[in-house]
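Below is one structure, written out as structure tokens, with a few remarks after it.
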Amino acid sequence: MKKILVTGGAGYIGSHTVVELTEAGYTPIILDNFSNSEERALEGIAAILGKEVPCYRTDCTDAVALREVFEQEPGIAGVIHFAAYKAVGESVAEPLKYYSNNLGSMLTLLQVMEEYKVNKLVFSSSCTVYGIPEKLPVTEQTPVQKANSPYGNTKKICEEILTDLADSGSNMRTIALRYFNPIGAHPSARIGELPLGVPNNLVPFITQTAAGIRQELTIFGDDYDTADGTCVRDYVHVVDLAKAHVVAIERLLSGKAANIEFFNVGTGTGNTVLEAVKAFERATGKKLNYKIGPRRPGDVPKIFADVTKATVELGFKTTSTLEEAMQSAWDWQLHLEETSTKA
Ligand code: UFG
């Protein structure tokens with residue numbers, strides 16, 4: 001039962017990964033400062049697994065506290081590092097907060113990992129590193145471009161730091177997973193996305209609109225050069241994405257990984273925003289109130305992944321359709337409503 005430290009393990013992708021790691025026979029240890037997550041994620045994880053997962057309420061930028069976790073948990077075999085701020089708009093307004101937290105937490109973690117001789121790392125990266133790509137789908141060879149937000153830049157800079165570390169002769173082995181658009185929730189509806197305030201992302205906005213919490217969804221622009229004029233994204237079910245972390249850790253632990261490796265994690269299919277809305281309506285039978293609004297500044301018109309590398313080298317595969325992902329997001333929304341009325 002190998003111990004895997006999961007920073008940000010109470011967050012959206014982190015909580016699903018903790019479940020998948022446990023089901024694959026690992027012993028995850030959660031580390032989270034709960035700045036953008038809630039205790040109920042831990043309850044949901046425990047309900048799914050039938051047991052509690054150890055959790056340290058720790059900030060990853062705090063080296064002293066981080067060392068304490070490594071002292072308390074001897075034998076950590078690898079780390080999956082999710083802990084980071086992730087709101088694109090907020091990062092434009094407060095860039096220093098993003099640089100200091102996202103770079104600081106990774107640097108502190110790397111330093112403490114080195115001290116404790118833990119040298120396997122899975123890093124949460126993003127397709128944002130590709131900017132506005134010239135050719136689609138994007139492969140891992142697609143050039144990395146200037147990021148269009150401080151958030152995106154923190155992902156790009158973290159990848160560069162990890163590459164420099166790999167080139168330095170360090171024995172750190174890193175897999176950076178470049179996520180496309182994670183959506184949906186665990187089929188049990190016990191864990192899912194918990195957006196703070198008004199959601200920025202499409203799917204929580206859709207589910208909150210269908211639930212009557214928001215009046216209507218605004219689709220940001222229908223004059224892009226795409227099939228129906230709305231932006232194209234590669235929406236990947238969060239459980240499929242979580243499983244990508246398990247196979248990445250397996251590859252690191254097997255000793256097969258190079259010093260640093262990058263993998264796209266998406267479905268390989270692009271869908272427009274309107275197609276995503278229609279998929280939600282088909283899956284749930286709910287009619288969504290939406291209107292077309294102006295473009296959102298900074299949006300990439302069209303991006304989707306080539307996932308050949310992850311398929312061949314990691315054995316990664318997606319199993320959920322867009323409808324299934326939408327249905328699971330809706331089930332999670334219903335669970336949230338149910339539990340908040342009971343409270
Ligand atoms: N959208 C709407 N209305 C909304 C919300 C979103 O039309 O209310 C559209 C966006 O314009 C975009 C698509 O839905 O075309 C997806 O938007 P999201 O905000 O859900 O996701 P993004 O693709 O903008 O952002 C995601 C991650 C970021 C990451 C980025 C990389 O959330 O963390 O991909 O491209 F940086």
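In this structure, the amide hydrogen of residue 2, modeled 1.01 Å from its nitrogen in the peptide plane, lies closer than 5 angstrom to those of 27, counting only residues at least 5 positions away or on a different chain. In the chain, Cα pairs under 8 Å separated by at least six residues give a relative contact order of 19 percent. Note on residue 302: lysines with a C-alpha under 25 Å away, same-chain residues under 8 apart excluded, are 86, 135, 146, 155, 156, 278, 291, 317.
Using a 1.4 angstrom probe, figure out how much accessible area region 201-265 has per residue, in square angstrom, rounded to the nearest whole.
Working: 2280 Å² over 65 residues.
For region 201-265, the per-residue accessible area is 35 Å².
Within the shell defined by Cβ-Cβ distances under 14 Å, the residues around residue 258 carry a net charge of +1, with Lys and Arg each +1 and Asp and Glu each -1.
Cβ under 14 Å from residue 108's Cβ, residue 108 left aside: what net charge do those residues give with Lys, Arg +1 and Asp, Glu -1? Summing Lys/Arg as +1 and Asp/Glu as -1 gives -4.
Sequence gap at least 6, Cα distance under 8 Å: using those rules, report the relative contact order of region 243-333 to the nearest whole percent.
Working: 59 pairs, mean separation 40.6, N = 91.
Computed value for region 243-333: 45 percent relative contact order.
When the charge dipole of region 201-343 is built from unit charges on Cβ atoms (+1 for Lys and Arg, -1 for Asp and Glu) and taken about the Cα centre, the candidate among 335, 283, 207 whose Cα reaches farthest toward its positive end is 335.
Relative contact order, whole percent, for region 1-131 stands at 26, derived from Cα pairs under 8 Å and 6 or more residues apart.
Whole number in Å², please: accessible area per residue of region 1-152, 1.4 Å probe, ligands, DNA and RNA not counted.
Numbers: 6550 Å² over 152 residues.
Heavy-atom accessible area per residue stands at 43 Å².
Only Lys, Arg, Asp and Glu carry charge here, each on its Cβ (+1 for the first two, -1 for the last two); on that basis region 200-310 has a dipole of about 300 debye about its Cα centre. Taking the Cα centre of region 32-121 as origin and assigning +1 to Lys and Arg Cβ atoms and -1 to Asp and Glu Cβ atoms, the resulting dipole is close to 260 debye. Loop-resident trypsin sites (Lys or Arg not before Pro) (DSSP state other than H, G, I, E or B) in region 90-147 with no more than 11 further Cβ atoms inside 10 Å of their Cβ: 117, 135, 146. Can you pull out the chymotrypsin sites (Phe, Trp or Tyr not before Pro) in region 12-109 whose DSSP state is coil and whose Cβ has at most 16 other Cβ atoms within 10 Å? Answer by residue number: 34. Pair-distance distribution P(r) for the chain, from all Cα-Cα distances in 20 Å bins starting at 0: 31, 61, 8 percent.
Summing Cβ point charges (Lys, Arg +1; Asp, Glu -1) relative to the Cα centre of the chain gives a dipole of roughly 260 debye.
Run the accessible area of the chain with a 1.4 Å probe and give the carbon-and-sulfur part as a rounded percent. Using a 1.4 Å probe with all protein chains present, the chain comes out at 51 percent carbon and sulfur. Farthest towards the positive end of the charge dipole of the chain, among the residues 47, 121, 320, is the Cα of 320, using unit charges on the Cβ of Lys, Arg, Asp and Glu.
The values are calculated or read from the model by the stated rules, or taken from the named source; none is laboratory data. Predicted model, so just to flag it, every value in this text is computed and none were measured. Glycine also receives a Cβ, built like all others from the backbone with ideal geometry; neighbour counts cover every protein chain displayed. Calculation scope for accessible area: heavy atoms of the full protein, side chains included, ligands and nucleic acids excluded. Shrake-Rupley method; radii C 1.70, N 1.55, O 1.52, S 1.80 Å.
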